[in-house]
1. For residue 9 and residue 35, compute 0.36 nm times the residue count separating them, minus their Cα-Cα distance, and round to one decimal in nm.
2. Using helices alone, what [θ] at 222 nm do you get for the chain, with -39,500 (n - 2.57) per DSSP H run of 4 or more residues, divided over all residues and rounded to the nearest 500?
3. Count the lysine pairs in the chain whose Cα atoms lie under 29 Å apart, taking only pairs 8 or more positions apart in sequence or on different chains.
4. Under a no-solvent Debye model with one identical scatterer per Cα of the range 10-75, what's log10 I(q)/I(0) at q = 0.16, 0.23 Å⁻¹?
5. Mind sorting out which of (1) 12.5; (2) 19.5; (3) 6.6 is the real mean projected area of the Cα convex hull in nm² computed from the coordinates?
6. Where is the GNM fluctuation largest for the chain (alpha-carbon springs, 10 angstrom cutoff): 70, 30, 54?
7. So, in Å, what gap is there between the alpha-carbon centers of the range 70-93 and the range 1-68?
Amino acid sequence: MRLLFIILLALVALIQYPLWKGRGGWFEVRELQAQLAGQKSINEGLLLRNQALRAEISDLESGTEAAEERARGELGMMKRDEIFVQVLPPNVKPPMTKPVDTATSNVGTAKPNR
């Protein structure tokens, strides 16, 4: 009787092994589900980024305000009659610059080629 119990227990263990550890077993399914959840969250982030880029493209195509904002922010451009003011954080010394003599300066006097 004892031998029959050991044989049946061994057969059950042989049957259960592929279910738990084999290809497509419980452990592999759980690991794949975790990978799938991670990939879904990455895809959602990329989808949001793509939507933001589409909105920016439509803004750039439809008007000049978005292009002007981008030129100001990224390229540091400004309009002709504007004054540039830079606010430095506390405890930061301003950069040393040479004084500009407006009488001899050629800034803004270039004539366009026609």
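Every number here is computed from the coordinates shown, using simple stated rules; none is lab data. These numbers were taken from a predicted model, which means no experiment stands behind them.
1. On the way: separation 26, 0.36 × 26 = 9.36 nm, distance 3.46 nm.
Gain on stretching residue 9 to residue 35: 5.9 nm.
2. Mean residue ellipticity, 222 nm, calculated: -20500 deg cm²/dmol.
3. 5
4. Listed by q, the Debye log ratios stand at -0.72, -0.93.
5. (2)
6. Highest fluctuation among the options: 30.
7. About 47 Å separates the Cα centre of the range 70-93 from the one of the range 1-68.
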